[in-house]
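Visitor: Sharing a structure with you now.
The values are calculated or read from the model by the stated rules, or taken from the named source; none is laboratory data. These numbers come from a predicted model, not from an experiment. Glycine gets a Cβ as well: all are built from the backbone with ideal geometry, and neighbour counts include every protein chain shown.
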Amino acid sequence: MKKRVSSREASPTRGYTGTGVSAGVKEHTAEFVAALLDAGVKMETIVGALGKTSYAPKKRTLYKLVGQVRAGDPVVSPHKESGNKSMLTDEEKMIVAGWILVQEKKVELWHVQQWVRANFKQNPSISTVSRWKDELGLSIRLVNKRPMSETTTKDEYVLGYFEFLQQLRATDFWNFDRSRIICLDSVTNSMRADREKTITLSGGQQKKFSRNTPKYTNNYLVCVALESGLEFDTLMFTHDPQFDSKGPGWPKVEKWCAKLGIRTDQIFYEESTKKYCAEKAWQVSQFMNRNRAKLAGTRVLHDAGPAFKFKGEYILGDGADRLVVFPPDQHGQLSPLDNKLNAVAKTLWRAERKMEDFSWDALLLLQKLESVGQESITSWWTHNFLLDVRKLSVKAVEERLSQIRKRPPIRQALADKYMDAYEAWLEEHIEMPLERPPEELYIDLDGDFWKK
């Protein structure tokens, strides 16, 4: 089977944190760097010059500072960080969001508050929970597994999207061999968000079907290029013993692979009592080791997930011409994988999977992830990064984002990540039930507050 396929900057070795540098110096440096970039000066030249001064931030720090200046945000927070640390880490907030999205009943703010109390031993206020909701892109109007509305009109989101695209253009990111510009992402074969459809009476109650579900959830690492040239195998990582090359089920797997046009060395089995195979740094390292020669000198894009890092450094930055990390808020819509290919491949997979032998279905998804054509992939890159727009503007970005009505929900990939985080957490923790409702709920005067 012929497979289709046609990087924030990797940080230099110097480790300077900027500790002790005044806010004024940082502000002026960011403004000056932005002006130099606009004048066509290469970032490498700027970094080299700053290396001879008392304030020499890394490339990724400079890009962050420049982005803040262009967005009109303060370079240094006016509030001291000491004493204001969040009760939950970003990962824990994702777990909470995943718990919210998998609930089959109505979830209100006090439910979230009580769940956090029971499972993270923290006592957030309702206003704090509400703020987390906004940060995570959730809405009080959400029901069940809907992640967000299909369009986003928030000025901050559009401006952040624009600033990222502007940064890529200002640094000549696209002025490169486009067959060597690549994007990576992970996706799972989880079926928890799937919904069956059938014909039933209008206005009647929803039908309920009994359904067999897979015991194991696998992780797939996918890589695509902007244009044809390089080919990268999709890799599957699993705890399913069916895929143990030394186990009794392996001969059947070999036959399946031959039928689907998959090589057996694309499968990585890790023995574990866990059922959910979460994305990990060792998986990215396997991809790196397998494709080191192909990856050398490429320009790489991926999200800021911890799986892409080892000891604080981005794994794929080693040997890359450049590595750029998607901004957290917009990465789900920027990525041609998160926002496009993964959804298309899963649609094809749902149409053909048998729902009888889930190990077979797992391999089928791997094949579908590799079967999407390069022409479609290139069109998604073009659409997401506005490569067909000669003069980039906030208005052009806003108009492009509004076209999402005809495509999968822009935050569906984000919802999947939230639910994956929750599912991975369940592998190692016993979920505690909600505590009794807070006393304030019994007071009619303030009752509405707890639903906002």
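Visitor: Being modelled with pLDDT under 90 and outside any loop (DSSP other than H, G, I, E, B) narrows it down to one residue among 116, 158, 143, 187; which is it?
Guide: On the way: 116 fails: modelled with pLDDT under 90; 143 fails: outside any loop (DSSP other than H, G, I, E, B); 187 fails: modelled with pLDDT under 90.
The conditions single out 158.
Visitor: Same structure again: Please find, within the range 209-231, the residue that is modelled with the highest pLDDT out of those that are of a type in the set (Ser, Thr, Tyr), assigned to a loop (DSSP other than H, G, I, E, B) and more than 19 Å from residue 336 (Cβ to Cβ).
Guide: Among residues in the range 209-231 that are of a type in the set (Ser, Thr, Tyr), assigned to a loop (DSSP other than H, G, I, E, B) and more than 19 Å from residue 336 (Cβ to Cβ), the one modelled with the highest pLDDT is 216.
Visitor: Quick one: which residue in 348, 386, 392 is assigned to a loop (DSSP other than H, G, I, E, B), over 15 Å from residue 335 (Cα atoms) and modelled with pLDDT of 85 or more? Quick ask: steps written out before the conclusion?
Guide: Working: 348 fails: assigned to a loop (DSSP other than H, G, I, E, B); 386 fails: over 15 Å from residue 335 (Cα atoms).
When all the criteria are applied, what remains is 392.
Visitor: Do we find that residue 127 is at pLDDT below 95 and assigned to a helix (DSSP H, G or I) in this structure?
Guide: Taking the combined requirement at face value, the residue satisfies it.
Visitor: Under 7 Å between Cβ atoms, which residue pairs at least 6 apart in sequence (or on different chains) link something in the range 353-366 that is farther than 14 Å from residue 213 by Cβ with a partner that is part of a loop (DSSP other than H, G, I, E, B) and among the hydrophobic types (A, V, I, L, M, F, W, C)?
Guide: If the second residue must be part of a loop (DSSP other than H, G, I, E, B) and among the hydrophobic types (A, V, I, L, M, F, W, C), the pairs left are 363/262; 366/262.
Visitor: So, one more: For the range 399-424, which positions are modelled with pLDDT of 80 or more and either farther than 15 Å from residue 337 by Cβ or surrounded by fewer than 19 Cβ atoms within 10 Å (Cβ to Cβ) (or both)?
Guide: Listed by number, the residues that qualify are 399, 400, 401, 418, 419, 421, 422, 423, 424.
Visitor: Any idea which residue in the range 7-34 is modelled with the highest pLDDT, counting only those that are more than 22 Å from residue 327 (Cβ to Cβ) and not in a loop (DSSP other than H, G, I, E, B)?
Guide: 32
Visitor: Kindly provide the set of residues from the range 117-140 that are in contact with a Leu (Cβ under 7 Å, 6 or more places away or on another chain) and under 19 Å from residue 420 (Cβ atoms), ordered by number.
Guide: 120, 137
Visitor: For a quick check of your reading of the model, give me the residue pairs whose first member lies in the range 382-400 and is within 12 Å of residue 164 (Cα to Cα), whose second is among the charged types (D, E, K, R) and in a helix (DSSP H, G or I), with beta-carbon atoms closer than 9 Å and at least 6 apart or on different chains.
Guide: Partner pairs satisfying both residue conditions: 384/340; 384/400; 386/400; 392/169; 394/155.
Visitor: List pairs: first residue in the range 242-263 and assigned by TED's automatic domain parsing to the domain that holds residue 364, second residue exposed (fewer than 12 other Cβ atoms within 10 Å of the Cβ) anywhere in the structure, Cβ distance under 6 angstrom, at least six positions apart or on different chains.
Guide: Pairs that qualify, where the first residue is assigned by TED's automatic domain parsing to the domain that holds residue 364 and the partner is exposed (fewer than 12 other Cβ atoms within 10 Å of the Cβ), are 261/1.
Visitor: Right, here's the next one. Filter the range 41-67 for residues that are in contact with a helix residue (DSSP H, G or I) (Cβ under 7 Å, 6 or more places away or on another chain), in a helix (DSSP H, G or I) and not β-branched (Val, Ile, Thr); which is modelled with the highest pLDDT?
Guide: 43
Visitor: Here's another thing I want to ask about it. Could you give every pair whose Cβ atoms fall below 7 Å, whose first residue belongs to the range 39-57 and is more than 21 Å from residue 22 (Cα to Cα), and whose second residue is among the hydroxyl-bearing types (Ser, Thr, Tyr) and assigned to a loop (DSSP other than H, G, I, E, B), counting only separations of at least 6 or pairs across chains?
Guide: Matching pairs, first to second residue: 43/171.
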